[in-house]
Structure formats: C-alpha cells, structure tokens
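Below is one structure, written out as structure tokens; the observations come after it.
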Amino acid sequence: MRNAILALLFFISLLLVADDFPRFGSPDAPSHHHVVPRYIEKSVEETGTENLVTSILISYRGYDTFGEVTVIFGAGIAVILILGTKR
Amino acid sequence: MSVVIRTVSRVLVPFILLFSLHIITSGASTPGGGFQGGVVFGAGLILLAISFEKGVVRKMITERKNVALMSTGILVYALVGLFGISSGGSFLEYGALPLGSPAHANQLMIELVEIGVGATVAGVMYYLYSTTAGGN
C-alpha cells in the first residue's frame, strides 16, 4: 500500500515536470544549438565525407561507435565461451 | 536442400557478398556503412550455409577463420585510434595522422574503420549461426 502511494506521488511529479519540456522536434530546442550547428556546417570541410550521419558516427563520435563494436564483439566472445570449440 | 535452392543460391551468393562490400565502402557518400554491410555479408554466408548440406560450408569457413575475422575488425579500429595518439593527437583523432590535410586523412581513416566494423559484424553474424544451427 505504501509502495502504491509512493508510485502515485512519483507519477504526479513526473506529469508536472513533463509539461516543461520543449515541443518534440521543434527547431529552437536547446539540444539543437550546442554542437549540432557546428556539425552541420563544418562536416564536409573537416571530414571530407558528404554523408553527415557517417561523419558524426565515425569521426565526431567515433568513441561511441568503438563501444558499439566492442559490445558486438563481446556478444561473440560470450557465445564462444559457451557454445564454441567442439569437443 | 532441393536442386532449385542449391542452384539459385550458387548464383546469388557471389552477388550478395560483392554488394555487401559495396555497401561498406561507399558508406561515406551514400546511406550504408560498416554495420549494414557487415550484416548483409553475414546473411549471404548464412544463405550459402543453409542451402547446402550440413558441413560443406563448415569445412570452408572453419571456426578459427571465423574467430580471426571477428577479432581483426576490432583490432583495426583500435590500431587506427592508437596511431592517432602516436602522431600527436588524441585517441581516434584522424586529423593528426600524417596523410595530407586533415580532411584527406579523415576520409581514408573513415573507410578503414568502416571495413573493420563490417568485418567484425559479419564474423559475429555467421558465428552465431554456425554454433547454434550450423550442424555438427
């Protein structure tokens, strides 16, 4: 019963906070003004590739892509440990 | 599997593998890139493996070669990053490498990194198939 009251309080406070978000996808949200204009304007001259998605994924945010490949490789290692190298 | 499936896959699989290489290497100007091309490569290998008898493809693509393919891709990615440190920049800073202007070095290293990513993803895709349903 106490858990239900706590959950209800969290839910009501979340509803009050969710009212203050900027409109979804609006161009004057604060997340579109920090680094995104620099990526859009300077991508071709700094990285030389026309594909903006590739240049952000591998050049500007290459460390995150490295983490993704490590996760895929870790999944492969887990399968090697359990199911690999036939006896 | 039946004669129709074997014949069609014999004809189709080289094209699938070649097209996956095209997806990987032209990921810098068209949609695509490393992950997508790697998955298509793995799917082509799986198509080859399920349309023939159990063990025909397994003799060609042994487990050691598969694990070597998986490991080579991420090793290439890490080495490119470490070359950035040894040339005076930070980790994975392609512009610091002595290959011409920073934009040119970026272009070359993006291609190399994508090939590495594609190799790892293709290796893991085929490995997941061959250990669970690949026949033994």
Next on the checklist: Please arrange A:THR54, B:THR7, A:THR70 by how many other C-beta atoms lie within 10 Å of their C-beta, fewest to most.
Outcome noted: B:THR7, A:THR70, A:THR54
Next on the checklist: Tell me which of B:VAL11, B:LEU21, B:GLY123 sits at the most positive position along the dipole axis of chain B, charges placed on C-beta atoms (Lys, Arg +1; Asp, Glu -1).
Outcome noted: B:VAL11
Next on the checklist: Let me check I've understood the local charge: for A:VAL44, count other residues with C-beta under 14 angstrom from its C-beta, Lys and Arg +1, Asp and Glu -1. What total comes out?
Outcome noted: -2
Checklist entry - Rounded to a whole number of µm²/s, how large is the Stokes-Einstein D of the range B:22-91 at 4 °C and 1.567 mPa s, given Rh as the Kirkwood radius over C-alpha pairs? => result 89 µm²/s
Checklist entry - Can you pull the Rg over Rh of chain B, Cα-only, Kirkwood? => result 1.09
Checklist entry - Once Lys and Arg get +1 and Asp and Glu get -1 on their Cβ, which of B:GLY81, B:LEU108, B:GLY42 lies farthest toward the positive end of the dipole of the range B:40-122? => result B:GLY42
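Please state, to two decimals, what the Cα-based radius of gyration of chain A comes to when divided by 2.2 N^0.38 Å (N = residues).
Numbers: Rg = 22.2 Å, N = 87, 2.2 N^0.38 = 12.0 Å.
Cα-based Rg divided by the globular estimate yields 1.85.
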Next on the checklist: Counting other beta carbons within 10 Å of each residue's own, what order do A:ILE58, B:ILE115, B:ILE50, A:ILE82 fall into, fewest first?
Outcome noted: A:ILE82, B:ILE50, B:ILE115, A:ILE58
Item to check | At least 30 Å along the helix axis (C-alpha) and Kyte average at least 0.5, DSSP helices within chain A | outcome: A:62-83
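What ranking of B:VAL4, B:VAL40 emerges when the number of other C-beta atoms within 10 Å of each C-beta is taken as an exposure proxy, fewest first?
Numbers: B:VAL4 9, B:VAL40 22.
Exposure proxy ranking, most exposed first: B:VAL4, B:VAL40.
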Checklist outcome for this item: the protein assembly as shown, Kirkwood Rh and Cα Rg, ratio Rg/Rh at 1.11
Item to check | Crossing angle, helix B:3-25 versus chain B [Cα axis fit, 0-90 degrees, rounded to tens] | outcome: 0 degrees
Checklist entry - Around B:ILE23, with a cut-off of 15 angstrom between Cβ atoms, what is the net charge of the other residues, counting Lys and Arg +1 and Asp and Glu -1? => result -2
Checklist entry - Expressed as an acute angle from 0 to 90° and rounded to the nearest 10, what is the orientation of the C-alpha long axis of helix B:102-132 relative to the principal long axis of chain B? => result 30 degrees
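Where a number appears in this text, it was derived from the coordinates with a stated rule and is not lab data. This structure is a prediction, so every number in the text was calculated from the model and none was measured. Note that each Cβ is placed from the backbone with ideal geometry, even for glycine, and that neighbours are counted across all protein chains shown.
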